[in-house]
Amino acid sequence: MLNYDDNPDRRYSEFCMRTGKAILNPIIDWDEEDVWGFLNQNNIPHCCLYDEGFTRLGCIGCPMGGAEKQKKEFERWPKYRALYLKAFKRMLEKRVEKELDISWKDENDVMNWWLGEGKA
């Protein structure tokens, strides 16, 4: 079994060694146009975030989406940005408590690094 759903080596059917189950991937060869065509043709509702330009839904602030997407998400959901800053502040406090090296001056500096705008 492959670890990544978007791996180009995925097959229509696979066997998961960990669970002992057969995995079927019926739309594995569909592209984005195929998916949207199916949804629209069958009047299947979808998350409104796609209509707002989001193309990848998942965790807010995830670095895998890229810095521009992170910024857009933090602008749309400022409470999540505040939670990240709170977590970064706690992380820095713990590092001071444990006498570990810190290359950031504060939680905002960590946020800049998280967004790819600063150094570690």
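A short reminder: the numbers here are calculations on the coordinates, not readings from a lab. The structure displayed is predicted, hence computed values, not measured ones. Cβ atoms come from the backbone with ideal geometry, glycine included; neighbour counts cover every protein chain shown.
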Ranked list, fewest to most other Cβ atoms within 10 Å of each Cβ, for I27, I60
I27, I60
Assuming 0.36 nm per residue, please report the length gained on full extension of the stretch R90 to C47 beyond their Cα-Cα distance.
12.1 nm
Just the isolated ones, please: cysteines in the chain lacking another cysteine beta carbon under 4.7 angstrom.
C16, C47, C48
Rounded to the nearest 10, the angle in degrees between the Cα long axis of helix 67-76 and the longest principal axis of the Cα atoms of the chain comes to 80 degrees
By how many degrees, 0 to 90 and rounded to 10, does the Cα axis of helix 78-97 deviate from the longest principal axis of the chain?
50 degrees
What's the extension gain from L24 to K105 if we count 0.36 nm per residue and subtract their Cα-Cα distance?
24.2 nm
Which of N43, N112, G58 sits closest to the plus end of the dipole of the chain, meaning its Cα is farthest towards the positive end, when Lys and Arg get +1 and Asp and Glu get -1 on the C-beta?
N112
